[in-house]
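The values are calculated or read from the model by the stated rules, or taken from the named source; none is laboratory data. Worth saying up front: this structure is predicted, and the values here are computed from it rather than measured. Here the Cβ is made from the backbone with ideal geometry for all residues, glycine too, and neighbour counts use every protein chain on show.
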Ligand SMILES: C[S@@+](CC[C@H](N)C(=O)[O-])C[C@H]1O[C@@H](n2cnc3c(N)ncnc32)[C@H](O)[C@@H]1O
């Protein structure tokens, strides 16, 4: 396996610099761990094995697993120079073909599973035509539209960490992993939701830009496992120094909570939602479907001036506009060729010939939309559309901002305002 750029991406091959491996091991040492076994499940050139062996004198066996034979060879050379080389074992193996329950089942406790699994998503792997994936990709059991729209997209490190968590459950063990922040939360949520024996979880922010030259929200996740434990909280620190007051995330009432104390403060507001929230319109082709009024005509996102009938043109508010406390007048419009999902669009040709010609002239872009939700749908199909999209009044909120601003939005020149799919709203008949 040669380290081309494509292979680097495909195998999430970003080796942890020794200085970071040492820093996280030093942080782990504050927990008074006394591991009998050290396991690195995608060990690369072995920096974590080396740093772990240096830090934890109690380790009697250190095992590394790695798919890339060149990395295994480098790790082997580095380990063989050590006096404690006899404690180490390297395996060239595919994570996805390894029986982790069995491998971990044979290890002496306490077990420290330490490392940095590949940072790559299944959809990125799909684009690269890679097979470095678990056999069953839809492992969170998303179905229907969610599986198609990308909600089912996942980091392969998430899949890997969940396999490890399952193998560590009810053992005396510590999982200590560098990963994306979202992956850490999802893995903890999986363990908490499934009643696993976890305690003392912590998340530390890591400067991925500095260590990996990657613009990723990265963390070091630590979770201890102990038979009988049932802790459902994790402290979250800005960095490894623990200098800030930690935020506490957790799992209560069947919900993953970003801030436990805020939840306790506001829990009395929780209840059954009587309104049905809807999302804005999804078209995946803003350059064609979103335009601005210019005199009696429109300018699209490609800079073209076009003439359209009013029939399918609606005033629109972008999510960014909704996020502002006061929305100014907007000259934006959206072309909405369907009133409900899957409605036939052929009638547009007679009802609004200019609009039809405009859509036809951009058929290549509209038919070329990558998402498979548009496959086998009428020409120019959109999603997130229904009677509710055309309700005259809406209470809307942008999905982009942490500050919650609920905006009442009424018709403009007698036409209902529509939103893009990053906004959410409750449709209303009156104001
Ligand atoms: C982010 S790097 C980290 C390497 C090492 N753990 C470290 O921290 O320096 C991810 C490693 O996972 C390895 N890898 C990717 N896919 C794998 C698979 N299916 N099985 C085993 N190792 C894999 C890559 O070759 C790479 O060495």
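Tabulated values for the structure
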item	result
Output for the range 203-228, where each listed residue is in a loop (DSSP other than H, G, I, E, B) and either surrounded by fewer than 15 Cβ atoms within 10 Å (Cβ to Cβ) or outside the structural domain of residue 30 (by TED's automatic domain parsing) (or both)	207, 213, 214, 215, 217, 227, 228
Residue within the range 75-90 that is in contact with a strand residue (DSSP E or B) (Cβ under 7 Å, 6 or more places away or on another chain), within 10 Å of the ligand (Cβ to nearest atom) and within 23 Å of residue 33 (Cβ to Cβ) present	yes
Any hit, the range 295-307, residues being in a helix (DSSP H, G or I), at negative phi and at pLDDT below 95	no
Flag for residue 175 being buried (at least 22 other Cβ atoms within 10 Å of the Cβ), part of a strand (DSSP E or B) and in contact with a helix residue (DSSP H, G or I) (Cβ under 8 Å, 6 or more places away or on another chain)	yes
Exclusive hit being in the same structural domain as residue 369 (by TED's automatic domain parsing), at pLDDT 95 or above, surrounded by 12 or more Cβ atoms within 10 Å (Cβ to Cβ) and more than 16 Å from residue 356 (Cα to Cα), set 333, 341, 288	333
Candidate set: the range 92-114, residues that are within 21 Å of residue 174 (Cβ to Cβ) and near the ligand (Cβ under 10 Å from one of its atoms); chosen: the one surrounded by the fewest Cβ atoms within 10 Å (Cβ to Cβ)	98
Verdict on residue 117 being under 22 Å from residue 169 (Cα atoms) and away from the ligand (no atom under 13 Å from the Cβ)	no
One residue from 399, 384 being in contact (Cβ under 8 Å) with a residue 24 or more places away in the chain, at positive phi and not assigned by TED's automatic domain parsing to the domain that holds residue 127	384
The lone exception for residue 349 - which of (1) out of contact with any strand residue (DSSP E or B) (no Cβ under 8 Å at 6 or more places or on another chain); (2) assigned to a loop (DSSP other than H, G, I, E, B); (3) under 18 Å from residue 310 (Cβ atoms) it fails	(2)
Qualifying residue in the range 361-374 (condition: farther than 21 Å from residue 287 by Cβ, assigned by TED's automatic domain parsing to the domain that holds residue 297, within 28 Å of the chain's Cα centre (by Cα) and outside any strand (DSSP E or B))	no
Considering residues of the range 11-41 that are more than 22 Å from residue 81 (Cβ to Cβ) and near the ligand (Cβ under 8 Å from one of its atoms) only, the residue surrounded by the most Cβ atoms within 10 Å (Cβ to Cβ)	41
Every residue from the range 1-10 that is under 27 Å from the mean Cα position of the chain (by Cα) and part of a loop (DSSP other than H, G, I, E, B)	3, 4
Test: residue in the range 192-199 that is farther than 18 Å from residue 260 by Cβ, crowded, with 16+ Cβ neighbours inside 10 Å and out of contact with any strand residue (DSSP E or B) (no Cβ under 7 Å at 6 or more places or on another chain)	yes
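Listed here are the residues, each with its yes/no results for (1) out of contact with any strand residue (DSSP E or B) (no Cβ under 8 Å at 6 or more places or on another chain); (2) under 22 Å from residue 330 (Cα atoms); (3) surrounded by 16 or more Cβ atoms within 10 Å (Cβ to Cβ).
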| site | (1), (2), (3) |
| --- | --- |
| 368 | yes, no, no |
| 374 | yes, no, yes |
| 379 | yes, no, yes |
| 382 | no, no, yes |
| 394 | no, yes, yes |
| 397 | no, yes, yes |
| 400 | yes, yes, no |
| 410 | no, yes, no |
